[in-house]
Amino acid sequence: MQKVLTPVCIFLCLQYSLCYGLHLAAVAPAGEGGGDQFAYSGFAGVKNLALDGTAMVTQDGLLQLTNGKPQDKGHAFHPTPLRFRESSPEGGEKKAVKSFSASFVFGIVPPAPGIGGHGIALVVAPTKDLSSGLASTYMGFLNKSNNGDDNNHIFAVELDTIQSPEFFDIDDNHVGIDINSLVSSNASGAGYHDDKTGGFKNLTLVSGRAMQVWMDYDDDATQIDVTLAPMGIKKPVMPLVSARFNLSSVITDEAYVGFSASIGTLTSQHYVLGWSFAVGTLAPAIDMANLPKLPDRSTKSDQSNTMEIALPIASLVLVIAVAAGVFLLIRRRCHKYVELREDWELEFGAHRLSYKDLHQATEGFKNKNLLGIGGFGRVYKGVLPTSSSEVAVKRVAHESMQGIKEFVAEVASIGRLRHRNLVRLLGYCRLKDELLLVYDYMPNGSLDAHLYGHDDRPTLNWAQRFQIIKGIASGLLYLHEEWEQIVIHRDIKASNVLLDNDMNGRIGDFGLARLCNRDTELQSTIVAGTIGYMAPELALTGKASPITDVFAFGAFLLEVTSGRRPIEQDVEGHQLVLTDWVFKHCSKGRILAVIDPRLNGDFSISEASLVLKLGLLCSHPLSNLRPTMRQAVQYLNGDMPLPEMSPMHFTFSMLALMQNQAGFDSYVMSSSSSTRSLGTISNLSSGR
Ligand SMILES: *[C@@H]1O[C@H](CO)[C@@H](O)[C@H](O)[C@H]1NC(C)=O
Ligand SMILES: *[C@@H]1O[C@H](CO)[C@@H](O)[C@H](O)[C@H]1NC(C)=O
Ligand SMILES: *[C@@H]1O[C@H](CO)[C@@H](O)[C@H](O)[C@H]1NC(C)=O
Ligand SMILES: *[C@@H]1O[C@H](CO)[C@@H](O)[C@H](O)[C@H]1NC(C)=O
């Protein structure tokens, strides 16, 4: 703002120096200004801000605008309005809005590096009640009906961390000048022009680091300049973004100034450390030395959450403390492998392991320790240096939010689930863009390696197969009915079944598992699963449920008994659906044709036929005819006889269903030439 000093301005400047001087001398908890200017160097002891939503002043003296609760917003306003224009003489023309200037230090603390959440806006508005503003893209200060409306009389500077195409946002890390609208008048990617080199330096808004913003409006030039720089750097000469606009038509005679911040689905936290504002002059300087510190995103949760869990679980605190110590040590030592910790991680009670230990355990993730490459990443064998126990370490890349969600699902499900037929998650470690999940090592590998094509392995005998089947049934029953929440696995198949020392089957890979509360409606999500194990209604509606797991379990039973994959191609390239194939042979009493020839006929006919019948029943295309896992377990244990199935029960062709899902109902109802009856299936036991 270049302006000839008017007497008013001189007066204000004097007043400002006086205030500032006093402030420094008294080390007042927060600056207040007389009249139309003020400065808060930290917010400790500040009681009179008008706060709403998630906004609060923390014990450390930070103005916290959002607290990580998704879809929420917070507002904080200076309590009294400022006069933005001199009153017009009686009957005379309205005066122009005066020059004004603001400066503030803010910080956006992300839940994980690079993950934003909406943003912060410095707002000048006719009211301090912005409760009708929407969270997320609307930044908490506008809503669908008033966005772009000149009657809003709102001027704002937005620090936006999400690209909202509906507002023509330039990117997901920008500073914009907003006049009555979220469509910025001008915007620029976050950064600053370095005075020394003249070069432009990028900044990341969601860095967890404090930065300063200066906003100046010059009433002569009707120009708005916004400048950004890391905290501690002198205000760069060249502004980051500018706009020409006569704000006289926008800002009301008296207006409130404050902040609005919002988040969408992500859990970032928005803070203001210090803030000053002045009408008619430059904003007072903020006393940088007295500003509170931003919470360190990686250690913050240690402080806040340790308190909450200290009383009930003293031992866990110890684990956390040790982990935190190791973490800090490593962090200092090796910046590349910065480990991260968050509030939500503690809830799951899974143990946190240090990167150093895991690195050591796997000999630096050497290829010779590679156990396999799965859908989510590489799996390594390792021996934990602390306990000498053998573990499997899965490395999952997580640049994407999806990766983190999968991880949370894994930690949430496996970390707290305890059952002899589930692979136990021992702990994990989170790096900048990688997750390391540590499981019990399963010395005998995955079941599919035993079933298919590994000639060096002796084939599983029938007793082992039956034991694995019963184990998986019991593990699934636990997931569906015996744990505190219903867990749908969503990807039951032979390659997700691992074999422990005693050749017991254990369910692994909960990457697709999602928790759903018993009472809430089963969620419809993106169809996940593996072709051949996917229930027709899942393919149709995308709704996973325990009964879609039962379908996959049915396919698994047929797979283990026959030694064939659920879908195979025959020599002519036709798809062969295992269910259909088993059905065809079994209904003709040709059980030998179905059972894995590698068993050399050495199996119990009654058990094998029970498993096959149950497999067909579980994989029934009509979901209401499938048994529950509880019933399946009872059938397998011989506690209950498998129900006799009427011919009407089985009139289906899986292949036709899968190829023509839309014609599902009509197909089942019709009795075309390929319609078959399972009436004879009860004769299987005599059919050898
Ligand atoms: C801005 O608008 C006000 C009110 O319309 C007017 O009085 C003032 O002269 C304008 N400023 C400039 C620099 O044009
Ligand atoms: C949008 O905000 C305006 C101004 O606060 C309010 O009057 C209006 O009711 C809000 N509209 C909706 C749909 O919330
Ligand atoms: C700064 O950010 C811009 C926009 O995101 C990008 O194109 C440019 O390469 C970045 N520059 C540096 C030095 O990282
Ligand atoms: C937007 O801001 C930039 C950077 O200050 C400036 O060079 C440009 O002229 C501005 N654009 C408009 C339309 O004001």
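Multiplying the sequence separation of Thr386 and Glu93 by 0.36 nm and subtracting their Cα-Cα distance, what value in nm do you get? All intermediate terms of the calculation are to be shown ahead of the outcome.
Values: separation 293, 0.36 × 293 = 105.48 nm, distance 8.01 nm.
Roughly 97.5 nm would be gained on extension.
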How far apart, in nm, are two points set 7 Å out from the Cα along the Cα-to-Cβ line at Gln360 and at Asn461? 4.3
If packing is taken as the mean number of other Cβ atoms within 10 Å per residue, what is the order of 632-641, 62-71, 465-474, 581-590, highest first? 465-474, 62-71, 581-590, 632-641
Karplus ³J(HN,Hα) for the range 478-486 (6.51 cos²θ - 1.76 cosθ + 1.60, θ = phi - 60°; Hz, whole; x = Gly/Pro) runs 4, 4, 7, 10, 9, 8, 5, 10, 6
Residue by residue through the range 177-193, what is 3J(HN,Hα) from phi via Karplus (6.51 cos²θ - 1.76 cosθ + 1.60, θ = phi - 60°)? Round to whole Hz and write x for glycine and proline. 9, 10, 10, 6, 7, 7, 7, 5, 5, 7, 8, 8, x, 4, x, 8, 8
Sequence ranges 276-289, 96-109, ranked by mean other-Cβ count within 10 angstrom, highest first: 96-109, 276-289
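Arrange Lys128, Lys196 by Cβ neighbour counts within 10 Å, fewest through most, would you? Don't jump to the answer; show the numbers that get you there.
Working: Lys128 22, Lys196 6.
Starting with the residue having the fewest Cβ neighbours, the order is Lys196, Lys128.
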Highest mean first, how do 386-395, 560-569 rank when packing is the count of other Cβ atoms within 10 Å averaged over residues? 560-569, 386-395
Diffing the range 555-562: the Karplus 3J(HN,Hα) column from phi (6.51, -1.76, 1.60, θ = phi - 60°), in whole Hz with x for Gly and Pro, holds 4, 5, 4, 5, 5, 5, 6, 9
Per 0.36 nm of contour for each residue apart, how much would the distance between Asn367 and Thr252 grow if the chain were fully extended, relative to their Cα-Cα spacing? 34.6 nm
Cross-link partners among lysines for Lys95, C-alpha distance below 24 Å, same-chain residues fewer than 8 apart left out? Lys3, Lys128
Summing Lys, Arg as +1 and Asp, Glu as -1, what charge do residues with Cβ under 10 Å from the Cβ of Ala255 carry, Ala255 excluded? +1
Rounded to the nearest 0.05, what FRET efficiency is calculated for Ala289 and Ser131 with R0 set to 45 Å and r the Cβ-Cβ distance? 0.80
Just grab the label-to-label distance for Asn146 and Glu568, each label 7 Å out from Cα along the Cβ direction, in nm (one decimal). 6.8
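Given a Förster radius of 51 Å and the C-beta distance between Asn67 and Ala449 as r, what FRET efficiency does 1/(1 + (r/R0)^6) yield to the nearest 0.05? Each step should come with its number before you reach the end.
Working: r = 48 Å, r/R0 = 0.94.
Using R0 = 51 Å, I get an efficiency of 0.60.
Which entries of Lys69/Lys394; Lys73/Lys235; Lys381/Lys543 have Cα-Cα distances beyond 32 Å here? Intermediate results must be reported in sequence, preceding the final value.
Numbers: Lys69/Lys394 30 Å; Lys73/Lys235 29 Å; Lys381/Lys543 35 Å.
Lys381/Lys543, as the Cα separations exceed 32 Å there.
Determine the gain in length on full extension of the stretch Arg418-Met238; use 0.36 nm per residue of separation and subtract their C-alpha separation, reporting nm with one decimal.
On the way: separation 180, 0.36 × 180 = 64.80 nm, distance 6.03 nm.
Once the chain is fully extended between Arg418 and Met238, it gains 58.8 nm.
Just so you know, all these numbers are worked out from the coordinates, no wet-lab data involved. Note that the structure is predicted; figures quoted are calculated from it, not measured. So basically every Cβ, Gly included, is an ideal-geometry build from the backbone, and we count neighbours across all protein chains shown.
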